[in-house]
Amino acid sequence: MRNFKWMGLFICLIIPFLQSCLNDSESWPEGTNLAIATVRIKETTEQHNFYFLLDNNKTINPVTLKHKDYKAIEGQRAFVYFGMIDNKSVISDENYDYNANIFYIENILTKDIIPLSEVDKDSIGNDLLDITKVWIAQGYLNVECRYYSLNSDNKHLLNMVYHEVDDEGYICLEFKHNAFHDYGTYARNGLISFKLDNVMNEMTSAKGIKIYTNTYHYGIQSYILNLENHTR
């Protein structure tokens, strides 16, 4: 089992739903760091036109990139595996908290929240789904969750739907799952980051966010995030 040093606020790694390019035969240098980050595009004369913004607001400059074919997309959430470089040894156009050798980048599924008016009720699904953790960071609603299928190759559809602001002042969202009739006992765990852009206006005055989902053992459950306790 690989051991990583975590950078940022979170101490557990859940493998994303998208296929992983990591394999057990790949080795990592001693002291490799692992962080959840957001890709940010920059205008620069440097080799790489992007950097990483961590959930604790620290920045990482990718001095070297092992997988040179990585296509950076503004706002993409990702797991970043990296090793620190002494800041004094790097000449950069900008000041970063960390300069690093990037050993691997694994994109996290990153999606928009869908307004209810745009939902295709025939395809959105209402299959069972458990939320194991939820938090807000860098303008994203991040959801760790679990569902079950026959095997790891079958595709499932996961979406977050915006309904309304309720009488208590909470933004009401529904976490939806379409299993496409793929029901089994193989547990699939993952992390999805939902952009908060489509509810940002409501967040300026809302008390918090309620997320409803149709769970395996307890029926419809709600998960509440009070916005005064989270980064908006």
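Below, the figures for the structure above:
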item	result
Loop-located chymotrypsin sites (Phe, Trp or Tyr not before Pro) in region 168-232 whose Cβ has at most 15 other Cβ within 10 Å (DSSP)	Phe180, Tyr183, Tyr216, Tyr218
Ordering of 133-142, 76-85 by burial proxy (mean other Cβ atoms within 10 Å per residue, highest first)	76-85, 133-142
Spin-label zone in region 130-152 - amide nitrogen under 12 Å from a point set 7 Å from the Cα of Gln221 along the C-beta vector	130-134, 145-147
Gain on full stretching of the segment that runs from Arg146 to Asp69 - 0.36 nm per residue minus C-alpha separation	24.7 nm
Qualifying lysines (Cα of each under 22 Å from Cα of Lys210; at least 8 residues distant if same chain)	Lys111, Lys121, Lys133, Lys176, Lys195
Computed magnitude of the charge dipole of region 110-229 (debye, nearest 20; Cβ of K, R +1, Cβ of D, E -1)	400 debye
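Read-outs: derived from the displayed coordinates by stated rules, not from any lab. Keep in mind that what you see is a predicted model, and the values were worked out from it rather than measured. Cβ atoms come from the backbone with ideal geometry, glycine included; neighbour counts cover every protein chain shown.
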